[in-house]
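The values are calculated or read from the model by the stated rules, or taken from the named source; none is laboratory data. None of these values were measured; they are calculated from a predicted model. Using ideal geometry, Cβ is built from the backbone for each residue, glycine included, and neighbour counts are taken over all protein chains shown. Surface areas here come from the heavy atoms of the whole protein model, side chains and all, with no ligands, DNA or RNA. Shrake-Rupley method; radii C 1.70, N 1.55, O 1.52, S 1.80 Å.
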Amino acid sequence: MADLRTNLAGITSPNPFWLASAPPTNSGYQVQRAFEAGWGGAVWKTLGEPIINTSARFAAISFQGKKVAGFNNIELITDRPLDVNLKEIYETKKRFPHHAIIASLMVEPKQEKWHEIVKRVEDVGVDGLELNFGCPHGMAERGMGAASGQQPDLVQAQTTWAKEVAKTPVIVKLTPNITDITVTARAAVNGGADAISMINTINSLMGVDLDSWQTVPSVAGKGAHGGYCGPAVKPIALNMVAECARHPAIAVPISGIGGVGTWQDAVEFMLMGATGVQVCTAAMHHGFSIVEDMIDGLNNYLEEKGLASVSELIGKSVANYSEWGNLDLNYRTVASINTDVCIHCNKCHIACEDTSHQCIERKIALDGTPFLHVREEDCVGCNLCSIVCPEPGAIDMITLPYEQPPMTWNERQTVLATYKGK
Amino acid sequence: MTASWQLYVNEKEKIDALLHRGYVICEVTESLEGATVIFSHPTATPIQEVLTVETADARKYFSSLLVHSVTK
Ligand SMILES: Cc1cc2nc3c(=O)[nH]c(=O)nc-3n(C[C@H](O)[C@H](O)[C@H](O)COP(=O)(O)O)c2cc1C
């Protein structure tokens, strides 16, 4: 068995799979059952002044038979008194001393409010704190969550206030509802954050009912924007993690969140710089037991790769992620259709003919059988045909030998600048 | 439909022909029409030739030659 233990800024857990702050971590009963199921850590449902929720809170997008491709909620932070949560955190920590319990916190952007809540939750023995600067609805209208998380100065100030009294590591959870997440990540680092986590949910309106013309979800005929998460947000989250991981001024560990539902997702986040991952929607969709497959799959993968510890994955793909200007313009890949495997649905031909570079021809062999042929010289290697192809193995994207040595756009522009007309 | 590859080949042939005759690229101006490339030759007539290079592949081609000659 590979060593799955993780250490995020001093917070240790038996494996890198944590439950994110959300309904699955609402109570001691749930978190204890999650730990029994195998989760390595839990970020408790955000603590703060207890709120009042609406009824009708969630909605989801099903896409071509796949339920919950994206998930939306208008739920706020905990609706339970702080004392009740703290008692359950204390009991849970006592039962599971080696699992990570992180308290997620959200209060008004005032120094005394942060001091008070940090001291109170640390008294019950949490392993770390996560500052929730991300909740995009409701709390943001009250000046908290994403409202304060979108302002770098407030991110820095609140992190500083938490750090002034915190004895345990402080993770700052960032909102994706911002143009450049590295700006707020740097603000968190400047405020003394020990780690950052991302992403919280993305502003969204799930839909409009075509009969009633009401929003989905609808609360007595009215809707408000919610937060989007689940499988659909993974590429957005992965990019944000990678952008932070490769930023030289953001040298703190990252907890990756957003669309993680399998061990493969987790590995991708770790390769892109995350020390561990947090999961919400997948647990809400399938229950706590999904962690068993995640642990087994991760362990098998590490063994196959000959890696002794999961920590050896962290950041291994970060150097492969760069700016567009550093990509090689002379690298060439083209489509190759495997006639034996092709089912002649012509989707690739239609996609290429209508929306790409018109290089897939429909032909008829001498014996009368139809086949598709790629004119390699006109293929730009866009990948579209292989993306729309429904038959696995029918289209390969193959790499062609170099005709010219590698050249990036940045190299080209540097040299061309010396050939500019006067 | 004219294959874009053929347009590229036509432009590449013109570039290669000038280079073959001893012309060198001395000036490149990029614009909405593509690239205007000025070739010069110290002794030939004319001493300058101008090509408008439109296709992406040909613009990539001549710039690769320039980058390669600098890095060689
Ligand atoms: C119903 C619901 C409630 C949530 N509540 C909180 C919360 O109280 N605090 C918080 O930091 N994030 C909250 N989140 C965001 C999640 O922690 C997580 O950042 C987000 O869902 C992305 O992860 P996922 O794609 O695995 O769901 C909530 C998400 C959902 C779906």
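Taking 1 over the mean of 1/r across every pair of different Cα atoms in segment B:25-72, what Kirkwood radius in Å do you get?
Details: mean 1/r = 0.0873 Å⁻¹.
For segment B:25-72, inverting the mean 1/r across all distinct Cα pairs yields 11.5 Å.
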**Complete:** Relative contact order as a percentage, chain B, C-alpha pairs under 8 Å and 6+ apart, gives 27
**Prompt:** What angle do you read, to the nearest 10 degrees and between 0 and 90, between the alpha-carbon axis of helix A:111-122 and the longest principal axis of chain A?
**Reply:** 90
**Prompt:** On average, how many beta carbons from a partner chain sit within 10 Å of the beta carbon of a residue in A:414-420?
**Reply:** 6
**Message:** Within 10 Å, Cβ to Cβ, of A:ARG142, how many net charges do the neighbouring residues add up to if Lys/Arg are +1 and Asp/Glu are -1?
**Reply:** -3
**Item:** Within the accessible area of segment A:6-318 (1.4 Å probe), percent carbon and sulfur
**Value:** 53
**segment A:407-421 - phi-based ³J(HN,Hα) in whole Hz, Karplus 6.51/-1.76/1.60, Gly and Pro as x** = 8, 8, 4, 5, 4, 4, 5, 5, 6, 4, 4, 7, 10, 5, x
**Message:** Through the Karplus equation 6.51 cos²θ - 1.76 cosθ + 1.60, θ set to phi - 60°, convert the phi angles of segment A:264-272 into ³J(HN,Hα) values in whole Hz; use x for Gly and Pro.
**Reply:** 5, 4, 4, 4, 4, 4, 5, 4, 8
**Prompt:** Around A:GLY273, with a cut-off of 12 angstrom between Cβ atoms, what is the net charge of the other residues, counting Lys and Arg +1 and Asp and Glu -1?
**Reply:** 0
**Request:** Apply the Debye scattering formula to segment A:59-139, with a single equal point scatterer on each alpha-carbon and no solvent, then give log10 I(q)/I(0) at q = 0.12 Å⁻¹.
**Result:** -0.49
**Prompt:** A:SER309's amide H: which non-local residues (gap 5+, or another chain) put their own amide H closer than 5 Å, with H modeled 1.01 Å from N in plane and none for Pro or chain starts?
**Reply:** A:ASP3
**Fill in**
As straight-line cross-link partners of A:LYS363, the qualifying aspartates and glutamates (C-alpha separation under 18 Å, not fewer than 8 residues apart within one chain) are A:ASP340, A:GLU353, A:ASP354, A:GLU376, A:GLU377, A:ASP378
**Prompt:** Can you list the aspartates and glutamates whose alpha carbon sits under 13 Å from that of A:LYS347, skipping same-chain ones fewer than 8 residues off?
**Reply:** A:GLU361, A:GLU391
**Asked** How big is the accessible area of B:LEU65 in square angstrom, nearest 10, if you roll a 1.4 angstrom probe over the protein chains?
**Response** 50
**Request:** Normalise the Cα radius of gyration of chain A by 2.2 N^0.38 Å (N = residues in it) and let me know the number.
**Result:** 1.13
**Per-residue average of Cβ from other chains inside 10 Å of B:22-31** = 2
**Fill in**
With every protein chain in place, the accessible area of A:ARG142 for a 1.4 Å probe, in Å² rounded to the nearest 10, comes to 130
**Message:** Cβ neighbours within 10 Å, averaged per peptide: list B:46-53, A:19-26 in order, most packed at the top.
**Reply:** A:19-26, B:46-53
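Could you give the longest part of chain A that holds none of the GluC sites (Glu not before Pro) found in DSSP loops with at most 12 neighbouring Cβ atoms within 10 Å?
Details: sites that count: A:GLU323, A:GLU403.
Looking at chain A, A:1-322 is the longest stretch - no exposed GluC sites (Glu not before Pro) with at most 12 other Cβ atoms within 10 Å.
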**For q = 0.17, 0.19, 0.22 Å⁻¹, Debye-computed log10 I/I(0) when each Cα of segment A:324-399 counts as one equal scatterer** = -0.62, -0.75, -0.97
**Prompt:** How much of B:TRP5 can a 1.4 Å solvent probe reach, expressed as accessible area in Å² and rounded to 10?
**Reply:** 100
**Item:** Where B meets A: accessible area buried, both sides, 1.4 Å probe, Å²
**Value:** 1700
**Asked** Excluding same-chain residues fewer than 8 positions from A:LYS167, which lysines have a Cα within less than 26 Å of its Cα?
**Response** A:LYS45, A:LYS87, A:LYS93, A:LYS94, A:LYS110, A:LYS113, A:LYS119
**Item:** Under Karplus coefficients 6.51, -1.76 and 1.60, residue-wise ³J(HN,Hα) of segment B:33-40 in Hz, glycine/proline x
**Value:** 8, x, 10, 9, 10, 9, 9, 10
**Complete:** The answer for the net charge of residues other than A:PRO14 whose Cβ lies under 15 angstrom from its Cβ, with Lys and Arg +1 and Asp and Glu -1, is -2
**Complete:** For A:SER21, other-chain or 5+-apart residues with amide H closer than 5 Å (H placed, Pro excluded) are A:VAL43
**Message:** With +1 assigned to the C-beta of every Lys and Arg and -1 to the C-beta of every Asp and Glu, and no other charges, what is the dipole magnitude of segment A:329-384 about the Cα centre in debye, to the nearest 20?
**Reply:** 80
**Prompt:** Based solely on its DSSP helices, what 222 nm [θ] is calculated for chain A when runs of n ≥ 4 H residues each add -39,500 (n - 2.57) and the sum is averaged over all residues, nearest 500 deg cm²/dmol?
**Reply:** -9000 deg cm²/dmol
**Request:** Please figure out what share of the DSSP beta bridges in the protein assembly as shown is antiparallel and state it in percent, rounded to the nearest 5.
**Result:** 60
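For segment A:5-134, give the share of DSSP beta bridges that are antiparallel, in percent and rounded to the nearest 5; count only bridges with both residues there.
40
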